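Structure record follows, encoded as structure tokens.
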Amino acid sequence: MILTRRGFVAASAAALSLRALPPGKSRVGLVHSTHPRLSKPLSGDHPLDYQAVREMVWKAIEYGRPAAGSLEAKIKPGSWVVVKPNMCFLRAQAPYRPGDVTDHRVLRAVIEYVARNSRAKRITIAEGGSYRSVTDPLTDNVVTQNGARVDARDFDWGPDEFPGVGGSFGSILKEFAGQFPGKAFDYVDLSYDPVRDSSGQPARIPVPTRNGVGAFGARKEYFITNTIRNCDFLIDMPVAKVHEQCGITACFKNYVGTGPRITYTRERSFTNSGLHDDYSVDNRIDPFIADLAAFHPPDYNVVDVIRGLQYSEHNNRQPDQMVRSNLVLASEDTVAADAVAAKLLGFNGADIDYLRMGAARGLGTYDWNRIEVTGDEPDRFARKWAKARTWYARCNRQWRVTRDPASEGVRWTAHTTSGDRLDLSAAAGGGAAGYAAAATVRADGARKGFLWLGLAGKATVELNGARIMEEEGLTRFRVGQYQQPVELRPGENRLVFRVQPANDRAWLLTAGTSSAGSVTASRGRISPGVRPGVVVIVLQRKQRMRTARKFRGAEPRRIKEKWFSAGCRCGPNPGVRAPRERGTNLSPVRCWCAGAFLCPLRGRTRGIRQSRVSHAAHLLFLFFLCISAPLRLPGGEMGVASSPAGIC
């Protein structure tokens with residue numbers, strides 16, 4: 001027998017998938033449509049049919065098998081299995097576009113796998129989207145189709161949205177009920193499924209403590225759903241895409257749909273806005289995402305990376321928003337699954353706050369030294385998706401602080417924040433005329449970048465003993481409020497911030513950016529009970545930027561005058577929204593930061609926010625890359641610093 005190259009690759013992959021997992025490692029299965037062990041490999045831009053997607057899903061489950069040996073072995077006989085897709089919107093709703101929801105072919109393939117191979121007794125599709133049930137007496141935020149009111153169970157997606165799988169959830173469940181008469185198949189709308197108290201009212205449930213870690217959110221008790229809480233086995237089935245508030249949406253973010261909307265919505269809406277308003281910390285939604293997952297962490301995860309959205313998690317009407325990747329990944333390690341999904345989308349898992357929170361709870365690892373990806377190699381398919389303009393990476397959390405800036409650093413108090421901000425008064429133990437805070441950044445070589453500083457008060461900044469910055473913040477406190485070019489030396493770099501309060505406030509928010517990545521946040525346990533004020537170190541990567549497609553071939557000076565003159569602090573009318581140019585989707589908006597960047601349109605200028613077109617014309621979106629690195633705090637204590645490093 002002659003062994004061909006394809007046969008050799010397939011045999012090697014098979015051998016690798018069957019070997020024992022090294023101790024302490026998490027396994028993630030990753031399959032691309034070109035995978036050589038598929039019966040019919042297809043190109044990366046192929047639209048795929050159900051047979052192709054089913055084989056990809058089943059192969060990913062085989063590669064990403066749990067410690068029990070297989071997915072079916074982990075599901076106990078007689079179990080109630082719940083599959084939770086991401087189905088926030090239906091096609092008839094304006095925010096929807098292809099890539100916004102979990103592919104029905106992936107959902108169907110997982111249900112078929114569980115029904116065919118396991119001894120589960122009941123299989124349920126559970127989701128709570130931004131549309132009212134047909135049984136809800138209220139008539140706002142409803143969806144109609146062919147003149148009739150519908151919800152996720154009844155909405156017919158037609159034959160073209162997911163080739164090879166048409167119809168609705170209801171039709172899929174009815175078909176499987178006929179094929180597997182010994183099993184029950186049903187749908188639960190999580191929006192109407194809250195846990196209730198003895199009086200019948202929705203009950204707030206405390207976040208369970210896991211691995212010694214309690215709640216991260218601003219509130220410690222949540223409305224949750226009976227189905228997620230009480231099912232025997234939960235399979236998390238998100239679609240991977242960019243998210244404006246937490247970087248990416250995948251396994252953890254999918255838990256927002258487990259919050260019963262009837263308890264969190266506001267009048268004349270049907271969203272989980274109450275979660276965002278009441279549970280966010282430092283304007284981040286990561287804490288309540290991590291908290292919701294603590295009530296019943298996924299027993300297994302299958303992530304749809306066939307199609308997804310860049311720039312934003314929902315339709316922004318840009319022609320290049322939908323990205324086709326033709327990938328499926330599977331793992332029982334929820335943190336590792338999201339870390340691999342983040343890598344495929346061009347993010348660093350260490351930058352994403354909720355992954356660190358999940359790891360602190362013992363739900364998995366984002367450390368690539370402890371993740372083994374079987375099947376296809378993620379580096380082959382990782383791409384830099386356009387990130388949301390509103391998102392920035394996790395900022396510094398470990399500090400040494402003092403109310404006596406003249407004292408020796410070894411006497412400063414160690415302090416860990418639960419959010420991006422450092423309130424110096426609270427951290428140092430009371431009010432004072434001045435404060436100081438210090439952190440140490442380790443660089444793997446000489447690096448150039450920017451120090452981003454949000455400030456309430458007057459501050460001087462020292463890097464390795466040299467004063468590099470002096471600013472006074474009397475206006476709105478924000479990320480990137482001040483930006484300073486810096487040069488890091490190889491090894492350890494010590495940053496010291498000396499702050500005098502303004503209006504009884506002394507807040508810092510610092511973030512660091514570097515040319516090849518820089519520092520990340522603490523490896524240690526996050527302190528969930530502390531809610532301080534503000535410090536961020538951001539090192540912004542200084543790199544040649546690609547020109548936006550919208551601008552290719554245009555003359556730079558004319559573009560500058562046409563698009564950017566009205567909305568930037570550099571221009572004649574700072575902070576004022578310019579009228580949208582006729583026939584375009586571009587509209588300059590308020591200047592977002594006062595830092596200097598290299599801009600292909602204007603040379604050295606300040607940054608601008610604009611509509612979601614591209615991250616090329618200016619550094620339109622904050623891209624951060626965090627690389628874990630040891631941090632030696634003043635006094636010799638070892639930890640890890642957090643510096644989002646910008647990348648374009």
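Any idea which of D420, D444, D404 is of a type in the set (D, E) and over 34 Å from the mean Cα position of the chain (by Cα)?
D404
Go through (1) of a type outside the set (A, V, I, L, M, F, W, C); (2) part of a loop (DSSP other than H, G, I, E, B); (3) open to solvent by 70 Å² or more (accessible area, probe 1.4 Å) for R116 and report which single condition fails.
Exception for R116: condition (2).
Out of region 357-375, which residues are surrounded by 21 or more Cβ atoms within 10 Å (Cβ to Cβ), in contact with a Ser or Thr (Cβ under 8 Å, 6 or more places away or on another chain) and over 18 Å from D299 (Cα atoms)?
T374, G375
Scan region 466-475 and tell me whether some residue there is part of a loop (DSSP other than H, G, I, E, B), surrounded by fewer than 24 Cβ atoms within 10 Å (Cβ to Cβ) and at pLDDT below 65.
no
Consider D103 against the criteria (1) over 19 Å from Y187 (Cα atoms); (2) in contact with an Asp or Glu (Cβ under 6 Å, 6 or more places away or on another chain); (3) among the acidic types (D, E): it satisfies all of them except one. Which criterion is unmet?
For D103, the failing item is (1).
I need a count of the residues in region 130-151 that are surrounded by 15 or more Cβ atoms within 10 Å (Cβ to Cβ), of a type outside the set (A, V, I, L, M, F, W, C) and in a loop (DSSP other than H, G, I, E, B).
So the count comes out to 7.
Looking at (1) farther than 21 Å from K343 by Cβ; (2) under 15 Å from the mean Cα position of the chain (by Cα), which is the only condition D282 fails?
(2)
Got a sec? Which strands (runs of 3 or more DSSP E) wholly within region 196-315 have at least 3 residues that are open to solvent by less than 30 Å² (accessible area, probe 1.4 Å) and within 30 Å of A94 (Cβ to Cβ)?
It comes to 233-237, 241-243, 247-249, 300-309.
Have a look at R324, R389, R394, R380 and point out the one that is assigned to a loop (DSSP other than H, G, I, E, B), open to solvent by 30 Å² or more (accessible area, probe 1.4 Å) and of a type in the set (K, R).
Just a single option satisfies the conditions, and that option is R389.
Picking from G457, G449, which residue would you name as being modelled with pLDDT under 90, of a type outside the set (A, V, I, L, M), over 30 Å from the mean Cα position of the chain (by Cα) and open to solvent by less than 10 Å² (accessible area, probe 1.4 Å)?
G457
Can you report the number of residues in region 63-104 which are in contact with a Pro (Cβ under 7 Å, 6 or more places away or on another chain) and outside any loop (DSSP other than H, G, I, E, B)?
1
Within region 119-129, track down each residue that is open to solvent by less than 10 Å² (accessible area, probe 1.4 Å) and either in a loop (DSSP other than H, G, I, E, B) or over 16 Å from D236 (Cα atoms) (or both).
A120, G128, G129
Restricting to region 178-229, name every residue that is touching a residue at least 12 places away in the same chain (Cβ under 8 Å) and of a type in the set (S, T, N, Q).
Selection gives Q179, S191, N211, T225, N226, T227.
Do you know which residues across region 413-439 are buried (at least 24 other Cβ atoms within 10 Å of the Cβ) and among the polar types (S, T, N, Q)?
T417
Would you check which residues across region 419-428 are out of contact with any Lys or Arg (no Cβ under 6 Å at 6 or more places or on another chain) and either modelled with pLDDT of 90 or more or among the small types (G, A, S) (or both) and list them?
Residues satisfying the conditions are G419, S425, A426, A427.
Say whether the condition of being at pLDDT 95 or above, touching a strand residue (DSSP E or B) at 6+ places or on another chain (Cβ under 7 Å) and acidic (D, E) is met by at least one residue in region 278-301.
Taking every residue of region 278-301 in turn, at least one turns out to be at pLDDT 95 or above, touching a strand residue (DSSP E or B) at 6+ places or on another chain (Cβ under 7 Å) and acidic (D, E).
Of all residues in region 327-356, count the ones that are open to solvent by 10 Å² or more (accessible area, probe 1.4 Å), part of a loop (DSSP other than H, G, I, E, B) and in contact with a helix residue (DSSP H, G or I) (Cβ under 8 Å, 6 or more places away or on another chain).
Number satisfying all stated conditions: 2.
Within region 37-85, take every residue that is of a type in the set (D, E) and farther than 18 Å from K183 by Cβ and give me the one that is most open to solvent (accessible area, probe 1.4 Å).
Only one residue fits best here, namely D45.
The values are calculated or read from the model by the stated rules, or taken from the named source; none is laboratory data. Because the structure is a prediction, the values reported are computed rather than measured. Because the Cβ atoms are built from the backbone with ideal geometry, glycine has one as well, and the counts that use them run over all protein chains shown. What goes into the accessible areas is simple: the full protein's heavy atoms, side chains included, and nothing from ligands, DNA or RNA. Shrake-Rupley method; radii C 1.70, N 1.55, O 1.52, S 1.80 Å.
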